[in-house]
Amino acid sequence: MVAVFNKELLSWYLITLKLRETVDAGVPKELPPTPADHPALPSSLTSDPSPACDSEWVMCIREKVEEAGKNEVASSSSWAKLCIYKIPRSLRDEDNDDKAYVPQIISLGPYHHGKKRLRDMDRHKWRSLHQTLKRTGQDVKLYLDAIKELEDRARSCYEGSISLSSNDFVEMMVIDGCFILELFRGAAEGFKQLGYSRNDPVFAMRGSMHSIQRDMIMLENQIPLFVLDRLLGLQIGEPDQRGLVARLAIRFFDPLMPTDEPLRKSDRSRLESLRYKEAFDPLTDQGELHCLDVFRRSLLRVGLRPEPRMWIPRRSRALRVADKRRQQLIHCVSELRESGVKFRKRKTDRFWDITFNNGVLEIPRLLIHDGTKSLFLNLIAFEQCHLDCSNDITSYVIFMDNLINGPDDVGYLHYRGIIEHWLGNDEEVADLFNRLCQEVVFDFNDSYLSGLSEQVNGYFNHRWNAWRASLKHRYFGNPWAIISLVAAFVLLVLTLAQTFYGVYGYYRPNS
């Protein structure tokens, strides 16, 4: 009976095992946890990505690298034509609301095109185009087709992509270009000769013209010169016109020159000549880029400047980097005066032409007005941004910044006739120069004033010069000091003579 019971129990046990095996075979195995199941777990505790995911990631990186390479190849050709830049953020003066770089009345080119506060001048631009077509009897399609051919070349002159459509860009070039040419020709020929009334709010030599000139000389407010050349060539019937726009630009921007010395008579006669065959000599076939470049070239015109002198061993230009620690060219006026350096005004219209001979530093007269800061800042920004551009303006400004440490230095230069300003006081002038080159990267070795600075510093470091200057300052500074010195010298001579004869009589009484 027991054996039968055990046999039945064994049978039930075997059936149970079989059923369990059948159930286990039908249930899927448990999968490992995923990051989605446990979002709180750190990535280091989850399983590594599969090889398939790893290859997709690598392929994505490779595509980005290839795209960057294609963009570089496409951009390298346009970079060579780039000449109208946006002001780098490092040079902008946020405290002054960028007024030195941002136009306040009129926009030219794409950077400030369509801004609400500058739209008031748009109707005057259209008036200038209407007057041009009316005077020449031409159709606007002639201008549009001509500039359409230059669109790609003109776009490549600007930094970054221009969001304007093809038609809008060409329209802007034609309208802005004709407006500029009307101002240039009106300043040279007379606005009345061009058909404008004497009381025109824009096309007349009024007080607002200075503000318009200041906006037109800004780096971000430029039109390529070849566009202006093409438009003027169409107006006068000579499509291949070159050099005339540059000559007219110099004549138009002459009031902004930082010197009150007028242009030479020979230069002015050429600028005012209406014979379109001849161009202004210093600008003939020089590859000018835009009006700011033309103005800068006119500032540096005529004469050979001395070659920069290397203060450190020369290396390849490509390997040298401008050093912010070596921007001190020269000592300030007060320190140089203590060492005997004299300051004298040099009579010339080339404000950069500074000389030093026999302890005399001759500096041309510099006129400072409310537009001088914007003018110098835009010239410096252009020299900082454009590769094929010397740093002559930057060198001059840094040189003057070194000379001027405070209002006393400005006051003495004003007394010597070197600086003439229309600002509030000497402190404002000193602050202007001290702020112009705060963030400028300057290559000391490429300055045309480096050799002159070395001569001045050598004179400054000679102790005899300092002693002689101190003696002159103390004892020869005014007539009473000179009289006192002469009297003391005579008294000393008489005292020595009395002593001599007293001693001589003692030892030789008979004689």
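Normalised by the number of residues in region 104-179, the mean separation of alpha-carbon contacts (under 8 Å, six or more apart) gives a relative contact order of 45 percent. Accessible surface for region 321-467, divided over its residues, is 43 Å² per residue with a 1.4 Å probe.
Length gain on complete extension for the stretch LEU144 to GLU56, per 0.36 nm per residue less the alpha carbon to alpha carbon distance? If you can, show how the numbers build up before the last one.
Values: separation 88, 0.36 × 88 = 31.68 nm, distance 4.95 nm.
In short, 26.7 nm is gained.
For region 392-435, the relative contact order comes to 45 percent (Cα pairs under 8 Å, sequence separation of at least 6). Ligands, DNA and RNA excluded, the heavy atoms of SER90 present near 70 Å² of accessible surface to a 1.4 Å solvent probe.
Residues in region 387-423, backbone N under 14 Å from the label point at ASP370 (7 Å along the Cα-to-beta-carbon vector): list them, ranges by number please. Label zone hits: 422-423. An ellipsoid equivalent to region 121-236, defined through the eigenvalues of its Cα gyration tensor, has semi-axes of 24, 18, 11 Å when rounded to whole angstrom and sorted largest first.
Database remark: amide H of GLN241 closer than 5 angstrom to the amide H of GLY233 (H placed geometrically; neighbours at sequence offset of 5 or more, or on other chains; Pro and chain starts carry no H). Placing R0 at 22 angstrom, the Cβ-Cβ distance between LYS116 and LEU164 gives a FRET efficiency of 0.85 after rounding to 0.05.
When each pair of different Cα atoms in region 130-175 is counted once in the 1/r mean, what is the Kirkwood radius in angstroms, to one decimal?
Values: mean 1/r = 0.0869 Å⁻¹.
For region 130-175, inverting the mean 1/r across all distinct Cα pairs yields 11.5 Å.
Between ALA68 and SER90, the modelled label-to-label distance comes to 2.1 nm, taking each label 7 Å out from Cα in the direction of the beta carbon.
Please say if region 91-150 is rounded, prolate or oblate, where rounded means a/c under 1.5 for a ≥ b ≥ c the square roots of the C-alpha gyration tensor eigenvalues, and otherwise the choice is prolate for a/b larger than b/c and oblate otherwise? Let's see the in-between values first.
Working: a/c = 3.84, a/b = 2.19, b/c = 1.75.
Since a/c reaches 1.5 and a/b is larger than b/c, the shape of region 91-150 is classed as prolate.
Protein heavy-atom surface of region 394-440, 1.4 angstrom probe: 38% of the accessible area is carbon and sulfur, with nucleic acids and ligands not counted. You can think of it this way: the chain between LEU194 and THR136 has 19.8 nm of extra reach, that is 0.36 nm per residue less the Cα-Cα gap.
Simple rule: put +1 on each Lys or Arg Cβ and -1 on each Asp or Glu Cβ in region 101-231, find the dipole, and look at ILE175, VAL227, TRP126; the Cα lying farthest toward the positive end is TRP126.
Taking 7 Å steps out from each Cα toward its Cβ at ASP388 and HIS414 produces label points 4.3 nm apart.
Our note on the geometry: Cα centres of region 421-445 and region 168-219, 31 Å apart. Which entries in the list LYS115/LYS141; LYS99/LYS134; LYS86/LYS148; LYS64/LYS99 go over 28 Å, if you measure between the two C-alpha atoms of each? Over 28 Å apart, Cα to Cα: LYS99/LYS134; LYS64/LYS99. In this calculation the C-beta distance from GLU335 to VAL503 is compared with R0 = 41 Å, giving a FRET efficiency of 0.30.
Leaving out ligands, DNA and RNA, and with a 1.4 Å probe, what % of the accessible surface on region 144-219 is carbon or sulfur? Write down the numbers at each step before the final one.
Details: 1390 of 3150 Å².
Accessible surface attributable to carbon and sulfur in region 144-219 totals 44 percent.
Projected label points at THR495 and ASN357, each 7 Å from Cα along the beta carbon direction, are separated by 4.4 nanometres.
The values are calculated or read from the model by the stated rules, or taken from the named source; none is laboratory data. Quick caveat: nothing in here was measured; it's all calculated off a predicted structure. Cβ coordinates were reconstructed from backbone atoms using ideal geometry, including for glycine residues, and neighbour counts include every protein chain displayed. Each accessible area value is taken on the protein alone, full model and side chains, heavy atoms only, with ligands, DNA and RNA left out. Shrake-Rupley method; radii C 1.70, N 1.55, O 1.52, S 1.80 Å.
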